[in-house]
Amino acid sequence: MKDQDYMWRALELAQFAAKIGEVPVGAVVVCDNQIVGEGYNRRESYKNALAHAELEAIDMACRKLGGWRLHRCDLYVTLEPCPMCAGAIINARIRRVVYGASDPKAGCFGSTCDFNAFSFNHKPEIVPGVLQNECAGALSAFFKELRKRPKIPDEKESPVRLAGKPLIQ
Ligand SMILES: [Zn+2]
């Protein structure tokens with residue numbers, strides 16, 4: 001399979017994330033032409049800042065391959081990795097990172113900075129821009145939809161002015 005084929009799978013995972021109300025980011029880890037790890041952003045579902053697509057896919061790959069060194073593995077992710085995931089990629093010795101859309105706010109392989117410019121002991125090969133339009137499109141469609149949703153009023157905007165005892169204590 002080609003880079004694009006694996007990126008389509010990552011995009012499929014991202015689309016599912018969007019369906020359950022998560023920012024659509026998907027990732028797969030590939031070893032010897034086989035998918036050994038998959039993940040998508042689940043920050044809202046798990047209420048956890050660590051639940052990024054890449055970390056889930058890396059975690060699954062380590063379990064499946066029975067080791068932390070993923071030096072024969074390539075990671076495909078729809079969005080340029082953030083500092084946390086770029087760190088995990090380096091720690092896992094991922095061979096190649098293929099990403100779709102750039103992330104000017106948090107991307108660490110070229111956008112806000114380039115982790116490969118630092119003197120870390122491992123430098124993955126970086127392939128940016130694979131299915132860039134599709135990956136960026138999934139994100140912009142998600143945020144457009146989010147803005148359309150009616151805003152739920154805040155408790156501070158409550159019309160009740162009398163302070164009373166709460167009904168349920
Ligand atoms: Zn991340």
Quiz item: Once phi is turned into θ = phi - 60°, what whole-Hz ³J(HN,Hα) does the Karplus curve with 6.51, -1.76 and 1.60 give for every residue of the stretch 103-114, x standing for Gly and Pro?
Solution: 10, x, 8, 9, x, 10, 10, x, 7, 7, 6, 10
Quiz item: Within the chain, what is the number of lysine pairs with alpha carbons under 29 Å apart, leaving out pairs fewer than eight places apart on the same chain?
Solution: 25
Quiz prompt | Selection from Val36, Val77, Gln132 lying farthest towards where the dipole of the stretch 1-143 points positive, charges on Cβ | solution = Val36
Quiz prompt | Where trypsin sites (Lys or Arg not before Pro) fall in DSSP loop in the stretch 7-98, at most 11 other Cβ within 10 Å | solution = Lys47
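First measure r as the distance between the Cβ atoms of Asn48 and Val160, then evaluate 1/(1 + (r/R0)^6) with R0 = 25 Å and state the FRET efficiency to the nearest 0.05.
Values: r = 34 Å, r/R0 = 1.38.
Using R0 = 25 Å, I get an efficiency of 0.15.
Roughly what % of DSSP beta bridges within the stretch 1-129 run antiparallel, to the nearest 5?
Details: 12 of 20 bridges.
Within the stretch 1-129, antiparallel bridges account for around 60 percent of the total.
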Quiz prompt | Amide H contacts of Ile126 (H built 1.01 Å from N, under 5 Å, at least 5 apart or other chain) | solution = Val97
Self-check item: Per DSSP, loop chymotrypsin sites (Phe, Trp or Tyr not before Pro) in the stretch 1-88 with at most 16 further Cβ within 10 Å
Solution: Trp68
Exercise. Could you tell me the distance between the Cα centroids of the stretch 84-152 and the stretch 11-63, to the nearest Å?
Key: 13
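Compute the whole-percent fraction of alpha carbon pairs in the stretch 1-109 spaced more than 18 Å apart.
Working: 2373 of 5886 pairs.
The proportion of pairs with Cα distances above 18 Å equals 40 percent.
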Practice problem: Starting from the alpha-carbon convex hull of the stretch 1-43, give the projected area averaged over all orientations, in nm². | Solution: 2.7
Quiz item: Ile168 label point, 7 Å along Cα→Cβ, cut-off 17 Å on backbone N: hits in the stretch 25-57?
Solution: none
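Just so you know, all these numbers are worked out from the coordinates, no wet-lab data involved. Note that this is a predicted model, so its numbers are computed, not measured. Neighbour counts run over all protein chains shown; Cβ positions are idealised from the backbone, glycine included.
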